[in-house]
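Structure first, commentary second.
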Amino acid sequence: MPQGAGTDFSPDEADMRYGLNLPNGAVDPATLAEFAFLAEQAGWDGVFLEDYIVWQGDQEVETLDPWIALAVMATRTKRVRLGTLVTPLARRRPWKVARETVTLDHLSGGRVILGVGVGDTVSTDVSFTLFGEELDLRKRAAMLDEALEVLVGLWSGETYSHDGDHYHVGGVKLLPGPYQKPRIPIWVGGGYPLAGPTRRAASWDGSCLYRHGSHYLTPDDVRDLGAYVRKVRGTLDGYDIVVGGTPRREDWQEEREYIHSLEEAGTTWWIEYVPPDDPDAMRTRVARPPLRAG
């Protein structure tokens, strides 16, 4: 099972990292680039975009292509990690994603993290329903697993062939390979403790799972997840457990205590979500420092 991508932020080398998750809508690309710059100045360690064709099914929200927006964001930053939380690979061609991620990885000097998942499970997600995409979650999950295999094969820089149930690659070499060695890290999202997403996440470089039914992972959830990953992989070295994806609570001290409890349980990244809003309100949220637990 593919494991062990290179990342500067492995949990045995650094304290917990803090990232912002931004919508790929509501503001223009230049403003997203400004947000990335402000986040870096404020001390955030990563800035990640959602990946929707129509932002959360709301056709009244202006929606941007995340990869083009991330490219602009890379030109305004030097340190923060960049990527998606998450890209639904079941509605993307893996060879196109291979080109997009490698291009961004070179442009950013090796700062890309790819978050993946099956996509929103509600039947109202028009990014699936209005474009003839696969709606069956089991089939989407199978497509995701196969697409990840194809993606890593195409990142290898070697001639790659694949003949699967959903994707076919007829002996092709894609150059250049990723800037990061051996490859770009992959985080896997989905509902915890559902068997499929949890197994998939343990097979790659990190989990960005949410608590199925309530969203918030508890410290006990993190400890149980860490034990499962260690059992599957034999070690937690180099593996990221990513928690969050919700806006900051009104009670900042309560939020800080919650984050601290997650760090003690083994969380390596905390992600704060900035929902779409008036650009000035979003700018204020982006420019404030993370609630570091230490």
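The values are calculated or read from the model by the stated rules, or taken from the named source; none is laboratory data. Quick caveat: nothing in here was measured; it's all calculated off a predicted structure. Reconstructed Cβ throughout: ideal geometry from the backbone, glycine too, with neighbour counts over all protein chains shown.
Numbers for the structure displayed
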quantity	calculated
Residue in the stretch 130-141 that is modelled with pLDDT of 95 or more and not charged (D, E, K, R) present	yes
GLY238, sole failed condition from (1) crowded, with 17+ Cβ neighbours inside 10 Å; (2) at negative phi; (3) not acidic (Asp, Glu)	(2)
Residue among GLU254, GLU263 that is at pLDDT 95 or above and either surrounded by fewer than 17 Cβ atoms within 10 Å (Cβ to Cβ) or not charged (D, E, K, R) (or both)	GLU254
The stretch 30-58, residues that are modelled with pLDDT under 95 and either in a helix (DSSP H, G or I) or small (Gly, Ala, Ser) (or both)	TRP55, GLN56, GLY57
Meets criteria (in contact (Cβ under 8 Å) with a residue 12 or more places away in the chain, crowded, with 18+ Cβ neighbours inside 10 Å and not acidic (Asp, Glu)) for LEU82	yes
Those residues of the stretch 123-135 which are touching a residue at least 12 places away in the same chain (Cβ under 8 Å), surrounded by fewer than 23 Cβ atoms within 10 Å (Cβ to Cβ) and over 15 Å from GLY189 (Cβ atoms), in sequence order	SER123, THR124, VAL126, SER127, LEU130, PHE131, GLU133, GLU134, LEU135
Hey, ALA42 surrounded by fewer than 18 Cβ atoms within 10 Å (Cβ to Cβ) and either in contact with a His (Cβ under 6 Å, 6 or more places away or on another chain) or touching a residue at least 40 places away in the same chain (Cβ under 8 Å) (or both) or not	yes
Positions within the stretch 88-98 being farther than 21 Å from GLY157 by Cβ and in contact with a helix residue (DSSP H, G or I) (Cβ under 7 Å, 6 or more places away or on another chain), in sequence order	ALA90, ARG91
Residue list for the stretch 87-99, filter: crowded, with 22+ Cβ neighbours inside 10 Å and farther than 14 Å from ILE184 by Cβ	PRO88, ALA90
Only one of ASP125, ASP105 that is closer than 30 Å to VAL80 by Cβ, among the acidic types (Asp, Glu) and under 18 Å from the mean Cα position of the chain (by Cα)	ASP105
Whichever residue in the stretch 269-294 is of a type in the set (Val, Ile, Thr) and touching a helix residue (DSSP H, G or I) at 6+ places or on another chain (Cβ under 8 Å) and, among such residues, is nearest to PRO247 (Cα to Cα)	VAL274
Within the stretch 59-70, considering residues that are outside any helix (DSSP H, G or I) and touching a residue at least 24 places away in the same chain (Cβ under 8 Å), the one surrounded by the fewest Cβ atoms within 10 Å (Cβ to Cβ)	GLN59
